[in-house]
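See below for the structure under consideration.
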Amino acid sequence: MTAAGRGAVQHEDTIVAVASPNGRGAVALVRLSGRDAFDIAGRHLRTWPTQPRVSYLCDVFDGEEKLDQSLVTLFPAPNSFTGEDTVEFSTHGGYLVPSTIVAALISSGARQALPGEFTRRAVLNGKLDILQAEAIGDLIDASSHVMQHTALSQLDGGLSRRLLSLRSDLIDLEALIAYDVDFPEEDDGPVPRQRIEQRAAQIVESLRLLLSTAPVGEVVREGAVVVIAGPPNVGKSSLFNALLGRSRAIVTEIPGTTRDALEAVIDSGKWPLRLVDTAGLRKTDDRIERLGIEVSERYLDSAHVVLACADEAKALEETTMLIARRSAAPIVAVRTKADLVPNGDKYVSAAGISVSAETGVGLQELIAAIDDALDSRHGEIVPDVPMLTRARHRQAINTALSEVEQFVQAWRSDSLPATVAAVNLRTAVSALEELIGAVDVEDVLDRVFASFCVGK
């Protein structure tokens, strides 16, 4: 059987899975979806829910053995997450209860769902597009408020609507060219070339604006890598712990304690930050410590911001210069151990931001400086503006932009027949369709007839 054949058979199956995290808890959710979902569920319920989307307290059986007392909810197609008949069992939590219910449903004809298969069916049944499906994964994985809001906006269709609008503009342009080629003498005569060029230029500008959100979107999704770097024993691990708000790194007075990089995510309120505590930068003959320093240098290469740390002014200047030779990222100079420095309460100075992991002095100012550095490098996060958050998004928009730019160049130079130049527009449309999963080759013909009353 071909891969396509296997996919078709799987799509006809009724699938089941535990839709909540495994482990000890008050409640677990078992989801059953497919054309036979109601029939399979009915074999294990003595009381059948009478109304859709209303939870009923039901005993769940496997033969004569009672498995649990659950809240059971029916979602008839197409008004369910997957677009299929769906039954959800809200069971008692733990490992055993939900797993025995899943096993009973499988014995009655269901199949264990594959990873992501419920969402995949939602896409195939037109309940979600691909971008919205990705947003569900991003929402689940969100580790910051800004990623949560971005994913919710994408799940609500914000990015999809923007792409559909651009796709519509491209199809309009295709239709305009098709009309000019096929019906040059109709109505007001040929379409002015400048009109087509202006429309194409507007689409180019819109694609560029959308593409400009990719650096911000990818940082929002993955988190900005903020590397804490500097010589040994200057308080890097203490600063890491203070910013994190809990003890995560070992803090000692022995130089070279951090032999590897520690990483943790914090939600600063603006940008999600991936803090990295690195080994002290110094020359050493210790082979293990040297490996840790090499890891630190690799993090410096990929950093979005580097915190150059030292506990006195001259060392801070030297450390900042050393890091500037190893990293192209913005550098925030941080003078640590401010509680041990006279006038340490003056935490913003020419010598950098003075902070104290012991007293918390300067930590808020440091977070603000990190946010400012990210704003300067990547642009500010604008609420409710659709963003490209994945490499796949960037690649598709890049392709569409390149194709439309080639069309504009050919159109201006009149170097290709209109029908040949329009191939670039069709490729651009296909790139957008790949992002959202919308493919309809008849759209151009539909638009020609609807817009220009051909065949009157």
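The values are calculated or read from the model by the stated rules, or taken from the named source; none is laboratory data. Quick caveat, the model's predicted, so the values are computed rather than measured. Methodologically, a virtual Cβ is constructed for each residue, glycine included, from the backbone with ideal geometry; neighbour enumeration extends over all protein chains shown.
Quick check: anything in segment 36-48 within 25 Å of Ile140 (Cβ to Cβ) and of a type in the set (Gly, Ala, Ser)?
Yes; the residues of segment 36-48 include at least one that is within 25 Å of Ile140 (Cβ to Cβ) and of a type in the set (Gly, Ala, Ser).
Out of Ser296, Ser327, Ser302, Ser349, which single residue is in contact with a Leu (Cβ under 7 Å, 6 or more places away or on another chain), surrounded by fewer than 22 Cβ atoms within 10 Å (Cβ to Cβ) and either farther than 16 Å from Ala373 by Cα or modelled with pLDDT of 85 or more (or both)?
Ser327
So, of the residues in segment 382-433 that are in contact (Cβ under 8 Å) with a residue 40 or more places away in the chain and among the polar types (S, T, N, Q), which turns out to be farthest from Leu170 (Cα to Cα)?
The selected residue is Thr389.
Determine whether segment 392-404 contains at least one residue that is buried (at least 18 other Cβ atoms within 10 Å of the Cβ), touching a Phe, Trp or Tyr at 6+ places or on another chain (Cβ under 8 Å) and farther than 16 Å from Val204 by Cα.
Taking every residue of segment 392-404 in turn, none turns out to be buried (at least 18 other Cβ atoms within 10 Å of the Cβ), touching a Phe, Trp or Tyr at 6+ places or on another chain (Cβ under 8 Å) and farther than 16 Å from Val204 by Cα.
Exactly one of (1) farther than 30 Å from Ser238 by Cβ; (2) at pLDDT 90 or above; (3) in a helix (DSSP H, G or I) is unmet by Arg447. Its number?
For Arg447, the failing item is (2).
List every residue pair whose Cβ atoms sit under 6 Å apart, with the two residues 6 or more apart in sequence or on different chains, where the first one lies in segment 334-360 and is outside any strand (DSSP E or B) and the second, anywhere, is of a type in the set (Lys, Arg) and modelled with pLDDT of 60 or more.
Here the result reads Ala351/Arg335, each pair linking segment 334-360 to a residue that is of a type in the set (Lys, Arg) and modelled with pLDDT of 60 or more.
Are any residues in segment 97-116 crowded, with 16+ Cβ neighbours inside 10 Å and within 23 Å of Thr389 (Cβ to Cβ), and if so, which ones?
Of everything in segment 97-116, nothing turns out to be crowded, with 16+ Cβ neighbours inside 10 Å and within 23 Å of Thr389 (Cβ to Cβ).
So the check is Cβ under 6 Å with 6+ separation or different chains; which pairs have a first residue in segment 29-58 that's touching a residue at least 40 places away in the same chain (Cβ under 8 Å) and a second one that's among the aliphatic types (A, V, I, L, M) and loosely packed, with under 13 Cβ neighbours inside 10 Å?
Once the first residue is touching a residue at least 40 places away in the same chain (Cβ under 8 Å) and sits in segment 29-58, no partner that is among the aliphatic types (A, V, I, L, M) and loosely packed, with under 13 Cβ neighbours inside 10 Å comes close enough.
Give the residue, chosen from Arg53, Arg24, that is assigned to a loop (DSSP other than H, G, I, E, B) and at pLDDT below 95.
Arg24
So is Gly93 modelled with pLDDT of 95 or more, surrounded by fewer than 20 Cβ atoms within 10 Å (Cβ to Cβ) and either assigned by TED's automatic domain parsing to the domain that holds Tyr56 or of a type in the set (Phe, Trp, Tyr) (or both) or not?
no
Which of (1) under 32 Å from the mean Cα position of the chain (by Cα); (2) outside any loop (DSSP other than H, G, I, E, B); (3) modelled with pLDDT of 90 or more is the odd one out, the single condition Glu84 does not satisfy?
That leaves (2) as the condition not met.
Restricting attention to segment 123-158, and to residues there that are among the β-branched types (Val, Ile, Thr) and in contact (Cβ under 8 Å) with a residue 12 or more places away in the chain, which single residue is surrounded by the fewest Cβ atoms within 10 Å (Cβ to Cβ)?
Among residues in segment 123-158 that are among the β-branched types (Val, Ile, Thr) and in contact (Cβ under 8 Å) with a residue 12 or more places away in the chain, the one surrounded by the fewest Cβ atoms within 10 Å (Cβ to Cβ) is Ile130.
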